[in-house]
Amino acid sequence: MAPLLEIRNATRHFATQGGAPVTALDGLSLTVADNEFVTLLGPSGCGKTTLLRAISGFEDLDSGDILIEGTSILDRPAHARPVNTVFQNYALFPHMNVARNVGYSLEVAGVSGAERARRVAEALELVGLGGYGERSVRQLSGGQQQRVALARAIVARPRLLLLDEPLSALDRNLRQRMQEELKQLQHGLGISFVFVTHDQEEALTMSDRIVVLDGGRIQQLGPPEDIYFRPENAFVARFVGESNLVTAHVLSRSGEEGLLEVAGGARLVLSGDRVVPGIDATLLFRPESVSVASGPEAAASEPGAAGLSLAGRLTQSSFTGSDYRLEIDVPGVGPLKATVRHLAQSSSGGLAPGEPVALHVPSAAIHVLAGPPA
Amino acid sequence: MFRKRIGLLAVYGIAFFAFIYAPIFLVVVYSFNANPVNMMIWSGFTLDWYRTIFGFSAATTELSLYVESTDQLLRAVRNSLIVALTTTLVSTVLGTSVALAVARFRFRLKAFYRALMFLPMIMPDIVLGIALLIFFVSFGMSLGLVSIIIGHCTFLTSYVFIVVSARLAGMDMSLEEASADLGANGWVTFRKVTLPLILPGVIGGALLAFIISMDDLVITYFISGVDSTTLPVFIYGMLRRGIKPEINAIATVMLLFSFLVASLGLYFRARGR
Amino acid sequence: MSARKPIELRQKSVLAGLLAAPTLFLAVFFAGPLGLMFIYSWLEPGLYGGVEWTFYDLSYGRIFGWADTRYEKFDPVYLEIFLRSVVLALQTSFFCLLICYPAAFWVSRLGERAKSLCLFLITLPFFVSLVVRLFAWVLLLRPTGLINQFLIGLGLIDTPLEIIFTETAVVIGMVYVFIPFMFLPLYASVEKLDASLIEASGDLGATRLQTFRKVVLPLTLPGIIGGSIIVFIPSLGNFIVPSLLGGAKVVMTGNLIEQQFLSARNWPFGAALGMTVMASVLLLLVVYVRLLGRDEMPAARIRSSEGG
């Protein structure tokens, strides 16, 4: 059976004034299955909005195809496409009340008044705005407007809902609540969401699958855990979460394991396909995987531990409430970030910048990227 | 010291408005003056001049039988209304179309169209008037209501364009996309979303076009035929032949009409916000 | 896949639909007449009105000085009338400015409600018939008019002053009629002026005259120039005001043009005069746009504020 949405080799360039054309989509292919929450994640200008607008029917492709259940929709105008959109600024009709906004697609489709009223009430109930039908949209708060936009987009039960950074205008608390509600709503309705955001935390929280985009190309596609812990390349590693990237030279390989040496001379043993002798490997580890101990002698104290041990000097330390965020300068490697719950030398209440420290990252927390750091 | 200067400025401001309104006020007052010989010398209250212009010229003397025929006056009023209503309709459609095109689409000739829409407004009336006269005559078009309507539309389209454009500038483009996304085709989107939202601008532009068309003298003067005199041309002709008291009454009625339309315009403007 | 662009195609057809009728209309009935007028101004006037289709540059010659030596010596009367019109239009702009400038300051200092009331009252005369407004001044300026009655009543004069049918009367009439045109762009500039700048200037030791010259004037200059141009344009080609308040004694270019079309029936000469007026106006606008930039297009501002 054909997937719900299939994008084949979509390419789009935009002319710029007097300059070279900008590539918004560069041969991008993607499928979205039924009842799936897919997030398009990337910095501004990565092509995510162009892709969304191409699906909803507001942007042409130079080449490629967009199919819904196996049928190309490129020739259909926006109003004849079986998808609905939640716009970034909500785009609520200011001259209509909440009920008319929500019922707009039914009104346009010629659904009778009573049936329309029933389904509008149902949709409003679903987004937690039961009884708000007669309100003017101008009287609503940002969060309420967001819900009305959502109700309006789902009232006709599209198979596919497109959401264009719908939470970006909300404050942090409301955004977190809406993230959960959206996820529940998507599961409850059984429709697929294609969600556009530049906020990696939002993407990680909500998605079944994340598509990381840059330069109009898919950088990585996979479930949130893969994206976070096993990024394909340096772009994904840097864009999603905080990361430390260290270049290591592969000295030798025996069986599954290879011996690597980082600048400054520290060595470690790692396994995996990407460890190829003679080639530099890029190692990724997250700040929270780093353990920190005070004093250079600490590093020497556990030479047998598998992983990467480094010695450096603390340059910055800040307390965030639950954690300490540290920045450590390691000679030859550069500054590294570490997030630690307790400092090893907790009695003194923290480390002072300038103090020598020892770092350790267990092998299991080190991920080898494909290709050199960008 | 500072306060004193503000006080002086206020006195000036009031004088300024007096300068603007005193002459108009004068016309209204003297339209009720019974003196038929020297209309500037007050000799009692009368409604005779109003009776005269509306065709009940019972009490008028030979001397003041000035509106040769009330029929002529009424025909001029009728012509003016026909011209203004038709012009308003046509120029509102044309001006709104260009405004929508310029606001909604990206195209190469956009700057050209913007400039084109300003030209008729900055063109001196008399230049447009004689150009149209030459044009109509050399193509053998008879001068009449049609030529006046065409002439008015050439520059009133610009006025509508300006007013509607101002309204469109404040409108969120994604509303139309939202409508299309929810299944409304282009026409339904226009009817249900675009038009209701720009309506205050469209009505404002239409009222402006109506009032300017009603009041246009220069262009109409050149391209109106013998039988298609409009009200301003008619009054202008009367004034050129001499000042008679009936003109006060006609002017007062016109003032009343203008104030009504202006207030209506203001009402829609307030509602549009 | 082929490089079809259905969305762009649909947008283009909507765009064409929106622009087709206005473009056609303006091409035929706006560009057409102006083009024809240009052609006419270079044609030979026919004997009984009408034109001969031969090239003839003496219509312009009559204005600018290459007179037809076969028939007449160059008579600078037309050039004089044109220059006279320029002077009267400049005077009109100047007096409008003089009258409106303090008033704009006053209105800009009022409270919100009073401010919008004042703006309404300024705009209202625009909706009042031009002929009616001029008629009021005929009543005031005539020998038996109110001003003369008043002055005689006070015993200041014995015989009525000849105000009507003078250049003064024409300028008064044009100033009165075009005051809203001056006020609105001027007010837009004055309102933007931050009052604290004036205080700051005074604080820094500038006299009031210095403050005006160095702070207020430069900052309100766009409004001053914009308003002056909007007043100048309709004044230059005006023929209604001079014909009602100037009579036969004050002839402006507008009256001259009117005569060519309605009594003298020398259309090419009338067209040449019209072209001269139009060229002056366009020249003025080009200079203005060069000086102040596109955004300050004066017509845009006043007229949208009147109508919007």
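The values are calculated or read from the model by the stated rules, or taken from the named source; none is laboratory data. These numbers were taken from a predicted model, which means no experiment stands behind them. All Cβ positions, glycine included, derive from the backbone under ideal geometry; neighbour counts span all protein chains shown. In case anyone asks, the SASA skips ligands and DNA or RNA and just uses the protein heavy atoms, side chains included. Shrake-Rupley method; radii C 1.70, N 1.55, O 1.52, S 1.80 Å.
What is the gain in length, in nm to one decimal, between C:THR159 and C:LEU90 on full extension, counting 0.36 nm per residue of separation less the C-alpha to C-alpha distance?
Values: separation 69, 0.36 × 69 = 24.84 nm, distance 3.13 nm.
Taking C:THR159 through C:LEU90 to full extension adds about 21.7 nm, to one decimal.
Which one of C:TYR78, C:LEU36, C:CYS118 is farthest out on the positive end of the charge dipole of region C:10-131, using unit charges on Cβ (Lys, Arg +1; Asp, Glu -1) and the Cα centre as origin?
The Cα lying farthest towards the positive end belongs to C:CYS118.
Which order do you get for A:HIS79, B:HIS152, A:HIS367 if you rank them by accessible area with a 1.4 Å probe, largest at the top? List each step's numbers first, then the result.
Numbers: A:HIS79 65, B:HIS152 0, A:HIS367 30 Å².
Solvent-accessible surface, decreasing: A:HIS79, A:HIS367, B:HIS152.
Roughly how many Å² of A:VAL262 are accessible to a 1.4 Å probe, to the nearest 10?
Probe radius 1.4 Å; accessible area of A:VAL262 about 0 Å².
Taking the C-alpha atoms of the protein assembly as shown, how large are the radius of gyration and the largest Cα-Cα span, Dmax, in Å?
38.5, 128
Students sometimes get this wrong: rank C:LEU219, A:LEU129 by accessible area, probe 1.4 Å, all chains present, largest first.
C:LEU219, A:LEU129
Cross-link partners among lysines for C:LYS214, C-alpha distance below 22 Å, same-chain residues fewer than 8 apart left out?
Excluding near neighbours in sequence, the set is C:LYS192.
Just grab the label-to-label distance for A:ASN35 and C:PHE55, each label 7 Å out from Cα along the Cβ direction, in nm (one decimal).
8.5
With N denoting the number of residues in region B:133-273, provide Rg(C-alpha) divided by 2.2 N^0.38 Å, to two decimal places.
1.39
Between B:ALA111 and C:LYS5, what's the calculated FRET efficiency when r is the beta-carbon distance and R0 is 25 Å? Round to 0.05.
Taking R0 as 25 Å, the efficiency between B:ALA111 and C:LYS5 is 0.60.
How high is the FRET efficiency between B:ASP227 and C:LYS12 when r is their beta carbon distance and R₀ equals 30 Å, given to the nearest 0.05? Walk me through the intermediate numbers first.
Details: r = 45 Å, r/R0 = 1.50.
The value I calculate is 0.10.
List the residues whose amide H sits under 5 Å from the amide H of A:SER63, counting only those 5 or more places along or on another chain, with H placed 1.01 Å from N in the peptide plane.
It is A:THR11, by chain and number.
List the residues whose amide H sits under 5 Å from the amide H of A:LEU5, counting only those 5 or more places along or on another chain, with H placed 1.01 Å from N in the peptide plane.
A:VAL32, A:GLU69
Run the quick spin-label model on B:ARG78 and A:ARG118: label points 7 Å from Cα toward the beta carbon, then report their separation in nm to one decimal.
That separation, rounded to one decimal, is 5.9 nm.
Sum -39500 (n - 2.57) across every DSSP H segment of at least 4 residues in chain C, then divide by the residue count to get the 222 nm mean residue ellipticity, nearest 500.
Helix contribution divided over all residues of chain C: -22500 deg cm²/dmol.
With every protein chain in place, what's the accessible area of C:LYS12 (1.4 Å probe, Å², nearest 10)?
Per-residue accessible area (C:LYS12): approximately 120 Å².
How many nm separate the modelled label positions at A:ARG238 and B:ALA22, each set 7 Å beyond the Cα in the direction of the Cβ?
7.6
Leaving ligands, DNA and RNA out of it, rank C:TRP53, C:TRP106, C:TRP42 by accessible area with a 1.4 Å probe, largest first.
C:TRP53, C:TRP42, C:TRP106
HN-Hα J couplings of region B:243-260 from phi, Karplus 6.51/-1.76/1.60, θ = phi - 60°, integer Hz, Gly and Pro as x?
Per-residue couplings from phi come out as 9, 10, x, 4, 4, 3, 5, 4, 4, 5, 4, 5, 4, 4, 4, 4, 4, 4 Hz.
Which whole-Hz ³J(HN,Hα) couplings does region C:40-51 yield from phi under the Karplus relation 6.51 cos²θ - 1.76 cosθ + 1.60, θ = phi - 60°, glycine and proline marked x?
With coefficients 6.51, -1.76 and 1.60, one gets 4, 5, 10, 10, 7, x, x, 5, 10, x, x, 9 Hz.
Please go through the residue pairs A:LYS48/A:LYS337; A:LYS48/A:LYS183; B:LYS244/C:LYS249; B:LYS192/C:LYS12 and name each one whose alpha carbons sit more than 26 Å apart in this structure.
A:LYS48/A:LYS337
If you scale each eigenvalue of the Cα gyration tensor by 5 and take the root, what three semi-axes come out for region C:191-299, rounded to whole angstrom and sorted largest first?
Those come to 42, 17, 9 Å.
Pull up the cross-link candidates among the aspartates and glutamates for B:LYS110, meaning alpha carbon to alpha carbon under 17 Å and not fewer than 8 places away within one chain.
Of all the aspartates and glutamates, those that pass the test against B:LYS110 - Cα under 17 Å, at least 8 places apart if same chain - are C:GLU8, C:ASP295.
Calculate, in whole percent, how much of the Cα-Cα pair population of chain B lies beyond 36 Å.
The proportion of pairs with Cα distances above 36 Å equals 33 percent.
If ligands, DNA and RNA are left out, what is the accessible area of B:ASP227 with a 1.4 Å probe, given in Å² to the nearest 10?
We get 130 Å² for B:ASP227.
From the phi angles alone, apply the Karplus equation (6.51, -1.76, 1.60; θ = phi - 60°) to region B:225-230 and give each ³J(HN,Hα) in whole Hz, x where the residue is Gly or Pro.
With coefficients 6.51, -1.76 and 1.60, one gets x, 5, 8, 10, 5, 9 Hz.
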